[in-house]
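The values are calculated or read from the model by the stated rules, or taken from the named source; none is laboratory data. Keep in mind it's a predicted model, so treat the numbers as computed, not measured. Don't worry about glycine lacking a Cβ; one is built from the backbone with ideal geometry, like all the others, and counts go over all protein chains shown. Areas reflect the complete protein model, heavy atoms only, side chains present, ligands, DNA and RNA absent. Shrake-Rupley method; radii C 1.70, N 1.55, O 1.52, S 1.80 Å.
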Amino acid sequence: MNEMTKVTEAAENSINRPQPKAGVLDIAPYVPGKSKGTHGKTVHKLSSNETPLGTSAAARAALEAVAQHLELYPDGSSSDLRAAIGEVYGLNPDRIICGAGSDEILSLVAYGYLGAGDEAIYSEHGFLVYDIAIRAAGATPVVAPEKDLTTDVDAILARVTDKTKMVFIANPNNPTGTYLPFGEVKRLHEGLPPHVLLVLDAAYGEYVRKNDYESGIELAATSDNVFMTRTFSKIYGLANLRLGWGFGAAHIIDALNRIRGPFNVSGMAGAAGIAAVKDREFVARSVEHNERWLPWLTAELEGLGLKVTPSVGNFVLIHFPDEDGKRAPDADAYLLERGCVLRMVGNYGLPNAIRMTVGSEDANRTVVAHLKAFLEQA
């Protein structure tokens, strides 16, 4: 059978099977960071912005307790978890929704408010899940260019049309590590029509120590068209359990609860989340570790002659020379061979950059030493 015949038969067979709705096959699948180095060897995994401090001991104990009763359904409304989050952040639990990571929350808000003919805006190097959620909801993504790898409020406002129904902002942004001061976020909000929903993704908010930063709680608490999302995957070290939450006006929460799965948060995730959010000492240690090693990494990498985008998260974006043998793919291959797994970000439109998580002291020093050797080789 020749190749032309095979192609024809494949096309004919595809007609006689269920077809996804229009647009689904145009979605680029999300590709997570690698977990293994060359030949399966991993010494330091710094590709997914996981915390090097592990998980709160209190969260592990709560997890083990629930593991004794896996035959029972979890609380379908995550009432105890919402109460714990509300207690820590001073929020009304009735205005909180929980989900399987903030990814699910972001998808829910897209499914609840976007459809065919609608547009949703996100910034040039914004989180890839925004594009997936928008397209999956049947809407059209609109990309606003950034300025110095930072969300540009004017560029977003210039792209608002009668079709715009939503704006997604990661603040701080992943993978750049940059952030919008609260004054700029308020200016963006004030410039949007009241029917446009502003979604503020603050997955890395706990790490930020800038006086002009606000995660979005204030706007979400006082506005009808602002919704904030958070995650337990980063500073709390619960990435494996998939747990996130969102906060907004009562009418937004009501709409999302109508399409949320009834048991979308497992009992193990919920119990661990309650313990984790209350363990403020663990969070403080995580912040302290990041405050020490983020500036150290930035200075050491810049000392090697590499450009590093200023970051307020628990990661840095490293830019490589546009020279044969010195580009980001070359550095990535060199590090993988030595068991150091970082994140290439070509799918974010940054083909000559690598994102590196702030790791343990050993991990940070090891990667810097390898990069020094990489840049010095003939």
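Some notes on this structure:
- When Lys165, Lys186 are checked against the criterion of being crowded, with 19+ Cβ neighbours inside 10 Å, on the phi < 0 side of the Ramachandran plot and basic (Lys, Arg), a single residue qualifies: Lys165.
- All positions within segment 117-136 that are among the hydroxyl-bearing types (Ser, Thr, Tyr) and either at pLDDT below 95 or over 16 Å from Gly23 (Cβ atoms) (or both): Tyr122, Ser123
- For segment 8-60, the set of residues classified as surrounded by 13 or more Cβ atoms within 10 Å (Cβ to Cβ), modelled with pLDDT under 75 and under 30 Å from Gly270 (Cα atoms) consists of Gly33, Lys34, Lys36, listed by residue number.
- The criterion of at least 2 residues that are among the hydroxyl-bearing types (Ser, Thr, Tyr) is met by the following strands (runs of 3 or more DSSP E) wholly inside segment 189-299: 226-231.
- Once segment 294-304 is narrowed to residues that are open to solvent by 10 Å² or more (accessible area, probe 1.4 Å) and under 22 Å from the mean Cα position of the chain (by Cα), the residue that is nearest to Ser102 (Cα to Cα) is Leu294.
- Within segment 306-327, the residues that satisfy the criterion of being more than 28 Å from Lys210 (Cβ to Cβ) and in contact with a strand residue (DSSP E or B) (Cβ under 8 Å, 6 or more places away or on another chain) are Asp322, Arg327.
- Applying the set (1) open to solvent by less than 50 Å² (accessible area, probe 1.4 Å); (2) in a helix (DSSP H, G or I); (3) farther than 23 Å from Val316 by Cα to Asp154 leaves exactly one unmet item: (1).
- Residue satisfying condition, being open to solvent by less than 10 Å² (accessible area, probe 1.4 Å) and more than 23 Å from Gly54 (Cα to Cα), within set Gly248, Gly339: Gly248
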